[in-house]
Each structure stands twice: as structure tokens, then as C-alpha cells.
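A.B. asks: Can you read through this structure? Questions will come right after.
The values are calculated or read from the model by the stated rules, or taken from the named source; none is laboratory data. Here the structure is a predicted model, which means the values were calculated and not measured. As a convention, Cβ positions derive from the backbone with ideal geometry for all residues, glycine included, and neighbour counts pool all protein chains shown.
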Amino acid sequence: MKYDLQFRFIVFVFLFSLFIKPILALDEQVAATLSEENRKERLDWWQDARFGMFIHWGLYAVPAGRWKGEHVTGEGARRLGEWIMWTAKIPVAEYEPLAKQFNPSLYDAEQWVKLAKQASMKYIVITAKHCEGFAMYDSDVSGYNIVDATPFDRDPLAELKKACDKYGLKLGFYYSHVWDWHEPNARGSDNTWDWPDRNAKDPNIYFEKKAYPQVAELLQKYDPDIIWFDVPTDIRREQSERFLSIIRKYDPACIINDRIGNGLGDYESPEQYIPSVANKDFEVCMTLNDTWGYKIDDVNWKSPDTVIRNLVDIASKAGNYLVNVGPTAEGLIPPASVRILQEVGKWMNQYGESIYETHANPLGNLGEHVRCTAKDDKLFIHIFDWPERDELVLPAIQNKIKKVYLLADQRKKPLSYKRIGKSGIFIRLDSATLPAAALHPADTVLVIQCEGTPQAASQTTLVDKTYTITLHPAQATIHGQKLRYNVGTLHGLSDRNRLVNWTDPNEYIGWPIQTIRKCHFKIEMNYAAAKSVNSECVIEIDNQKLHATVMNTGSENRFQTFSLGTVTLQGGESSELLLKPINIKKGSLLNLRSIKLIPIIP
Ligand code: H79
């Protein structure tokens, strides 16, 4: 009896400790900030903002991508200006003296903020400390900072904060919390050229002495609106929780990106790619050339039109776009970046209404030539590529339509349109009333003003001969138990959206589609496969079958596009496009990203 009680007590304590541990690690006040309600409240301004400026500025602006006369570059991170210390394996003893040459006397915070404002950006995120370990503000924690270690006797972050307040922009700080090449104890992507013995490194020493107190002082001194952490490899739950606690104790309203690690952030941060389908609140960060930190030799600039289309694409998925500039060691934003942002600003002046404070596309899957954003009773139809036949075919909405007009037309002259198709579920704009060409090379915006909040009339994908359509597994019906759609990113660095675990040959997927008229399509499939090479599958649609043999893409993470053949859709009928395995040689049939229907114009 006594033993039984003791045993029960031990079991009770054990079970209790399982439940209590994760709660005890965070105090109540901080834990409360993780609630969905709290998160939504915090993200209120951020969700309306849509467009922000990323600034990568640090000691790396001095070498500007060159070391001892050589252009330092390579694959992936090796080509990045801010990674020069890591790529060229520059010892701390040689890198530190760069500070003495860093005197950005032309820095004018108001100028930068005015540029952001001109581009219609609503917030700025600037590097307070990148992986090089150098603080770009007046830090009491480490003397390795711009005020103490350089001839430039000013605090750029304090000046930027003041300018942002003056012009009404929000300000956030990037802080590399795990990786720090200046510190012998930091791990992750660590400095192995000065300190090769990884086992001798105790990251807690680095966290306690530098990272935690610096994040705390950023909060205390500058009251930032966002803390933007970078890649969270080598960080344990309790370490991420410490960062969280430090920030949220000072300011429960401070937004934190997902890279804090261990699932504690407010939003996802895809880097250099736009997710095909949105899962959560997200912010895409992107460069204007191929580097974040300034590099003399990188002149591979994006066109303003590309930036505009990215912004629209992201807004149509209810995400934000954080576009980077890398100022020089003199303190100037490169003229090429200034020009691009000014061009984007011109477009935004005319079309901004279709971007800010909008919702995601409510119409379901649209052709690749069109995007849709929505606000109140309006649908904004963004036309990227002017339709070949001057016809614009859109999936229908349930609402009555009040008016269709061009956003750029101040008089809002109504354009005529027709609801077509048997059940009246399609809209076709009359070709006679559309302008003969695009009003802007990047994007021309049509407004469909409705009665009430616009709602799609059908969940079915409308397929038509006037555009290419991409079918994503996220929108498919999965017929199976094991087969599943995986969502999300890996630290923001790679897109994890894909159909996985196709091990059962009886499981398959399908997309309900509709056509309004007869059309021919080429079909392409984008997938990754390695183990299952030579397995077979089939696409079935309207009594036609396209057989495919699974090819080797090199790895189950490397995606490639393959042409499967052509099909003819008769029109008028609703049907389902199916993808079925015939046999699976080994592992998973394939990891699917998308199937594309490309019209063949006779
Ligand atoms: O600040 C900018 C970049 O410097 C930073 N994020 C944006 C916002 C960035 N972090 N990581 N990367 C860019 C690329 C990282 C690549 C990695 Fe690796 C692959 C890290 C670990 C595997 C290359 C190979 C570096 C270490 C091993």
C-alpha cells in the first residue's frame, strides 16, 4: 500500500512536470503575448503596410565585396557582400581595423526615410548587427560598434529613429542573434578560421555576454517596432524564449519574425522567393541586385517592373514585401536602387489603393497573367500581361456588379462586361471597351466594384485558352490517407510547400476545373524525385490519359519542370484533372510543386 502510494506520487510528479515545464519557462505575462489574439493585435499596422525597406549596412560596406584587390564571390551565401568575412575567411585581427576606415559622413537619415516614403514604403528594417558582429549603434555592451570604434562620431540608428518618427514610418532592427563571426563562443555558421575547435565553444557565454544584453539595449534605447532575427540554426528552445522574454517584457507590441527560432515568431519570412500559396502571415525579403550588403561589382539590378509585379503578387496573397538597399561606406544608397524605388513609387502613387490595406485574392486560382487584391466592395484586377485576344476571362463572383473601371481613369468611365457561361459564373470583359494596350508595362489595374464584399461563385478553377494556369497541390482534393501537403519554409531560406509522402499507389489527387469553351493545352509538371526514378504515373482528364515516367531530379529537394504532352478540353463541362500513380518503385512517387496548363494558340 505504502509503495503503491509512493509509486502513484512519483508518476503524478512525473506527469505533472511534463505539463508544467513548457509553461514555467516563460512567465505568464510573456506567455500571454503568444496568444493568437495578441499576435493579431500586434500585427495590425503591419498587415496594412504591405511594403517596407530593408537596409543592410555594416563594416562590410568598406571592402564592398573586394578583399586584397579580388572580387570575393561564389555560390549561395558566398556571393553576398555582408558575408565577405566568412567567404574570404578574414581573421578578426584583419577585419576589425575596417572600423577605422568607416566614416559615412554623407549619411543623412532623413534622405533615406524620404526615399522610402517616395517609394510608398510604410516601414524600415535596418541591420543593428549582422553576422560580422559589429553593432551599428551606440552599444554599451560591446565597444565593437560604430560610435566607439570608428571616426564617425554619430549614432545612425538614433538618427534613423528620429527621422522615421518625423515622417511617420515604423522602424525595426535586424539582429543576427545566433551567428557572430567576431565572437569565439558563437556557433551556427561560426568563425572556424580564428577558432577551429567547435567543441570548445560555449554559445551561452556569447548569448549572455553579448546577444541578450544587446537586444535588451536596442529595446530600451530605440523602442523598435520589429526585431528581425536571422537564421536560427543552433538555438535551443530556452534560448529563443530568452530573446522573446527580453523583447516582450519591454514592449509586448514589438513584432518578431519567425527566425527567433522554435516557433515563437509572429510571421514567416521567406527570403528571395515568393511562396506559391500563403499559409500564414508572411513577409518576403528580397534584394534589388544579388547582394544585401553593398558590393561594387554587383550590377545585376532588377527592373522596376519586376519589383512592382512582386509587390502585387505578394499583396494578392496578403503578404508584405521588404525590399533591400545596401548603402555605401560613405552613407549613400546606390543610385541604381534609388532609381528603381522612385519608379515603383510613381506606380504606387497611381495604384497604391490596390495594395495598401487590401486582402488576399478571394477569387481562387487565376491565370498567370492576372493577380487580384480586394478591399471593401472592390476587387482590383491586376493585369500583368495584356491578353492576346483582348479578352479577359475571370471566374465569377456571387455579388451584383455595380461598375467596372480602370483604376488610372480619374473619371471612372464604366467599362462594359458580360456574365457568361451556363450558370452565369463567368465574367468576360467586352474587348471593345478595353484599352488596346496596357496602360503600364508592369501592371494595369481594373476595378470591379460590387454590392457587398466580393465572394467567389465557385471553388472550381476556371481554365481558359487565353491564359496559362498553375494548379497547386494546396488547392487539390487529396484522395488518400498518407499523401499530404506540406507547408512552410525552412528558416525562410527554402520553400517547403509541396505534396509529399506518396508511398501508396492507390492514393491520388485531383483538381476540380471548368472550361467555358473548347481549348488545347500543353501540360507541364514541376516535381522533385530521386529514389522513385522510373516509377510511372498518369494524368487523366476528360477521358484522356497522359502517361509519365518519373525522372531523376538529383534530389528530393531539387525541383524541375517536365513536359507531359497535350490535352483537349471540350468546354462547358465541369471535370476533374487527376494525377494518379501507376506504380511506385521506391519511397515516395514524387514531391509535387505544381501542374501547369499552357494554352496552345492555334
Ligand atoms: O541578411 C541577409 C543574408 O545575409 C542572410 N539573410 C538575409 C536577410 C542570410 N543568411 N543566410 N543566408 C543568407 C544564406 C545561408 C546559407 C546557409 Fe550555409 C546554408 C547557411 C547554412 C547553410 C553556407 C553554407 C553558409 C553556411 C553553410
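A.B. asks: Which numbered condition in (1) of a type in the set (A, V, I, L, M); (2) modelled with pLDDT of 95 or more; (3) over 30 Å from Cys254 (Cβ atoms) is the only one that Met53 fails?
C.D. replies: Condition (3) is where Met53 drops out.
A.B. asks: Another question about this same structure. Identify all residues within region 483-498 that are within 27 Å of Pro395 (Cβ to Cβ), without any contact (Cβ under 8 Å) to a residue 24 or more places away in the chain and within 16 Å of the ligand (Cβ to nearest atom); write none if there are none.
C.D. replies: none
A.B. asks: Continuing with the same structure: Condition check: surrounded by 12 or more Cβ atoms within 10 Å (Cβ to Cβ) and part of a loop (DSSP other than H, G, I, E, B). Does Ile90 satisfy that?
C.D. replies: On the way: surrounded by 12 or more Cβ atoms within 10 Å (Cβ to Cβ): yes; part of a loop (DSSP other than H, G, I, E, B): yes.
It is true that Ile90 is surrounded by 12 or more Cβ atoms within 10 Å (Cβ to Cβ) and part of a loop (DSSP other than H, G, I, E, B).
A.B. asks: May I pose another question? Among all residue pairs at least 6 apart or on different chains, which show Cβ distances below 7 Å where the first residue, located in region 78-99, is under 15 Å from Ala61 (Cβ atoms) and the second is part of a loop (DSSP other than H, G, I, E, B) and away from the ligand (no atom under 16 Å from the Cβ)?
C.D. replies: Leu98/Val62; Ala99/Thr150
A.B. asks: I'd like to verify a number: residues in region 126-140 that are in a loop (DSSP other than H, G, I, E, B) and either within 12 Å of the ligand (Cβ to nearest atom) or of a type in the set (S, T, N, Q) (or both), how many?
C.D. replies: Step one: filter region 126-140 for residues in a loop (DSSP other than H, G, I, E, B), giving 130-134, 136-140.
Going one step further and asking which of them are either within 12 Å of the ligand (Cβ to nearest atom) or of a type in the set (S, T, N, Q) (or both), we end up with 130-132, 139.
Going through region 126-140 one residue at a time, the tally reaches 4.
A.B. asks: Could you go through region 172-179 and let me know if any residue there is of a type in the set (Val, Ile, Thr), away from the ligand (no atom under 16 Å from the Cβ), within 26 Å of Tyr222 (Cβ to Cβ) and modelled with pLDDT of 95 or more. Steps first, answer last, please.
C.D. replies: First pass over region 172-179, keeping only residues of a type in the set (Val, Ile, Thr): 178.
Remaining after also requiring away from the ligand (no atom under 16 Å from the Cβ): none.
No - not one qualifying residue is present in region 172-179.
A.B. asks: So, in region 475-496, of the ones that are surrounded by 17 or more Cβ atoms within 10 Å (Cβ to Cβ) and hydroxyl-bearing (Ser, Thr, Tyr), which residue ends up nearest to Asp234 (Cα to Cα)?
C.D. replies: Filtering region 475-496 for residues that are surrounded by 17 or more Cβ atoms within 10 Å (Cβ to Cβ) and hydroxyl-bearing (Ser, Thr, Tyr), the one nearest to Asp234 (Cα to Cα) comes out as Thr489.
A.B. asks: Exactly one of (1) touching a Lys or Arg at 6+ places or on another chain (Cβ under 9 Å); (2) closer than 23 Å to Gly188 by Cβ; (3) in contact (Cβ under 8 Å) with a residue 12 or more places away in the chain is unmet by Gly172. Its number?
C.D. replies: Only one criterion in (1) touching a Lys or Arg at 6+ places or on another chain (Cβ under 9 Å); (2) closer than 23 Å to Gly188 by Cβ; (3) in contact (Cβ under 8 Å) with a residue 12 or more places away in the chain is unmet by Gly172, namely (1).
A.B. asks: Would you kindly identify the strands (runs of 3 or more DSSP E) lying entirely within region 499-582 that contain at least 3 residues that are free of Cβ contacts under 8 Å to residues at least 60 places away in the same chain and either in contact with a helix residue (DSSP H, G or I) (Cβ under 7 Å, 6 or more places away or on another chain) or of a type in the set (A, V, I, L, M, F, W, C) (or both)? I'd like the intermediate steps shown before the answer.
C.D. replies: On the way: elements: 508-515, 519-528, 536-541, 544-549, 560-569.
In region 499-582, the matching strands (runs of 3 or more DSSP E) lie at 536-541, 560-569.
A.B. asks: Residues Ile523, Ile513: which one is modelled with pLDDT under 95, touching a Leu at 6+ places or on another chain (Cβ under 9 Å) and surrounded by 14 or more Cβ atoms within 10 Å (Cβ to Cβ)?
C.D. replies: Details: Ile523 fails: modelled with pLDDT under 95.
So the residue among Ile523, Ile513 that is modelled with pLDDT under 95, touching a Leu at 6+ places or on another chain (Cβ under 9 Å) and surrounded by 14 or more Cβ atoms within 10 Å (Cβ to Cβ) is Ile513.
A.B. asks: Of the residues Glu96, Glu82, which single one is surrounded by 13 or more Cβ atoms within 10 Å (Cβ to Cβ), more than 16 Å from the ligand (Cβ to nearest atom) and modelled with pLDDT of 95 or more?
C.D. replies: Result: Glu96 is the single residue among Glu96, Glu82 that is surrounded by 13 or more Cβ atoms within 10 Å (Cβ to Cβ), more than 16 Å from the ligand (Cβ to nearest atom) and modelled with pLDDT of 95 or more.
A.B. asks: With the condition kept exactly as written, say whether any residue in region 366-385 is touching a helix residue (DSSP H, G or I) at 6+ places or on another chain (Cβ under 8 Å), crowded, with 16+ Cβ neighbours inside 10 Å and charged (D, E, K, R). So that I can check it myself, show each step before the final result.
C.D. replies: Taking region 366-385 as the starting set, the residues that turn out to be touching a helix residue (DSSP H, G or I) at 6+ places or on another chain (Cβ under 8 Å) are 371, 373, 375, 380, 382, 384.
Restricting the remaining residues to those that are crowded, with 16+ Cβ neighbours inside 10 Å gives 371, 373, 375, 380, 382, 384.
With the extra rule that they be charged (D, E, K, R), the set shrinks to 371, 375.
Yes, some residue in region 366-385 is touching a helix residue (DSSP H, G or I) at 6+ places or on another chain (Cβ under 8 Å), crowded, with 16+ Cβ neighbours inside 10 Å and charged (D, E, K, R).
A.B. asks: Among the numbered criteria (1) away from the ligand (no atom under 16 Å from the Cβ); (2) under 27 Å from the mean Cα position of the chain (by Cα); (3) loosely packed, with under 14 Cβ neighbours inside 10 Å, which one does Ala432 miss?
C.D. replies: The number of the failed condition is (2).
A.B. asks: While we're on this one: Somewhere in region 546-557, is a residue surrounded by fewer than 17 Cβ atoms within 10 Å (Cβ to Cβ) and over 25 Å from Lys482 (Cα atoms)?
C.D. replies: Checked region 546-557: no residue is surrounded by fewer than 17 Cβ atoms within 10 Å (Cβ to Cβ) and over 25 Å from Lys482 (Cα atoms).
A.B. asks: Let me ask something else. Filter region 31-78 down to residues that are surrounded by fewer than 18 Cβ atoms within 10 Å (Cβ to Cβ) and in a loop (DSSP other than H, G, I, E, B) and give me whichever is farthest from the ligand (Cβ to nearest atom).
C.D. replies: This residue is Ser35.
A.B. asks: I need the full set of residues from region 315-348 which are assigned to a loop (DSSP other than H, G, I, E, B) and polar (S, T, N, Q), in order please.
C.D. replies: Residues of region 315-348 assigned to a loop (DSSP other than H, G, I, E, B): 316-319, 326-334.
Passing the criteria: Ser316, Thr328.
A.B. asks: Another one. Only one residue in Tyr356, Tyr351 is part of a loop (DSSP other than H, G, I, E, B), among the aromatic types (Phe, Trp, Tyr) and farther than 24 Å from Ile595 by Cα, so which one is that?
C.D. replies: Tyr356
A.B. asks: Right, something else. Taking the stated definitions as given, is Lys412 outside any loop (DSSP other than H, G, I, E, B) and surrounded by fewer than 17 Cβ atoms within 10 Å (Cβ to Cβ)? Give the steps one after another, and end with the answer.
C.D. replies: Working: outside any loop (DSSP other than H, G, I, E, B): no; surrounded by fewer than 17 Cβ atoms within 10 Å (Cβ to Cβ): yes.
Answer is no for this residue.
A.B. asks: Can you confirm whether Asn185 is away from the ligand (no atom under 16 Å from the Cβ) and part of a loop (DSSP other than H, G, I, E, B)?
C.D. replies: Working: away from the ligand (no atom under 16 Å from the Cβ): yes; part of a loop (DSSP other than H, G, I, E, B): yes.
Yes.
A.B. asks: Taking region 478-492, which residues are among the hydrophobic types (A, V, I, L, M, F, W, C) and out of contact with any Phe, Trp or Tyr (no Cβ under 9 Å at 6 or more places or on another chain)?
C.D. replies: Val487, Leu490 - these are the residues of region 478-492 that are among the hydrophobic types (A, V, I, L, M, F, W, C) and out of contact with any Phe, Trp or Tyr (no Cβ under 9 Å at 6 or more places or on another chain).
A.B. asks: Among (1) at pLDDT 95 or above; (2) assigned to a helix (DSSP H, G or I); (3) hydrophobic (A, V, I, L, M, F, W, C), which single condition is Phe19 missing?
C.D. replies: (1)
A.B. asks: Test Glu208 against the stated conditions and say whether it is free of Cβ contacts under 8 Å to residues at least 12 places away in the same chain and out of contact with any Leu (no Cβ under 6 Å at 6 or more places or on another chain). Before you say what the answer is, go through the steps one by one.
C.D. replies: Details: free of Cβ contacts under 8 Å to residues at least 12 places away in the same chain: yes; out of contact with any Leu (no Cβ under 6 Å at 6 or more places or on another chain): yes.
Yes; evaluated as a whole, the condition is true for this residue.
A.B. asks: Is one or more of the residues making up region 150-164 among the aromatic types (Phe, Trp, Tyr), surrounded by fewer than 24 Cβ atoms within 10 Å (Cβ to Cβ) and under 32 Å from the mean Cα position of the chain (by Cα)?
C.D. replies: Within region 150-164, the first condition is being among the aromatic types (Phe, Trp, Tyr), and the residues that meet it are 152.
Cutting the leftovers down to surrounded by fewer than 24 Cβ atoms within 10 Å (Cβ to Cβ) gives us 152.
Keeping just the survivors that are under 32 Å from the mean Cα position of the chain (by Cα) gives none.
Scanning region 150-164 turns up no residue that is among the aromatic types (Phe, Trp, Tyr), surrounded by fewer than 24 Cβ atoms within 10 Å (Cβ to Cβ) and under 32 Å from the mean Cα position of the chain (by Cα).
A.B. asks: Can you tell me which residue is surrounded by the fewest Cβ atoms within 10 Å (Cβ to Cβ) among those in region 463-474 that are out of contact with any Cys (no Cβ under 8 Å at 6 or more places or on another chain) and modelled with pLDDT of 90 or more?
C.D. replies: The initial filter retains those residues of region 463-474 that are out of contact with any Cys (no Cβ under 8 Å at 6 or more places or on another chain), namely 466-474.
Subset that is modelled with pLDDT of 90 or more: 467-474.
Details: Tyr467: 21, Thr468: 16, Ile469: 21, Thr470: 19, Leu471: 23, His472: 20, Pro473: 24, Ala474: 18.
Looking at residues that are out of contact with any Cys (no Cβ under 8 Å at 6 or more places or on another chain) and modelled with pLDDT of 90 or more, I get Thr468.
A.B. asks: Under the condition of being more than 31 Å from the chain's Cα centre (by Cα) and surrounded by fewer than 18 Cβ atoms within 10 Å (Cβ to Cβ), which residue from region 499-510 is farthest from the ligand (Cβ to nearest atom)? Talk me through it step by step, then tell me what you get.
C.D. replies: First, pick out the residues of region 499-510 that are more than 31 Å from the chain's Cα centre (by Cα): 504-507.
Applying the additional criterion that residues be surrounded by fewer than 18 Cβ atoms within 10 Å (Cβ to Cβ) yields 504-506.
Details: Asp504: 33, Pro505: 35, Asn506: 38 Å.
The extreme case among them is Asn506.
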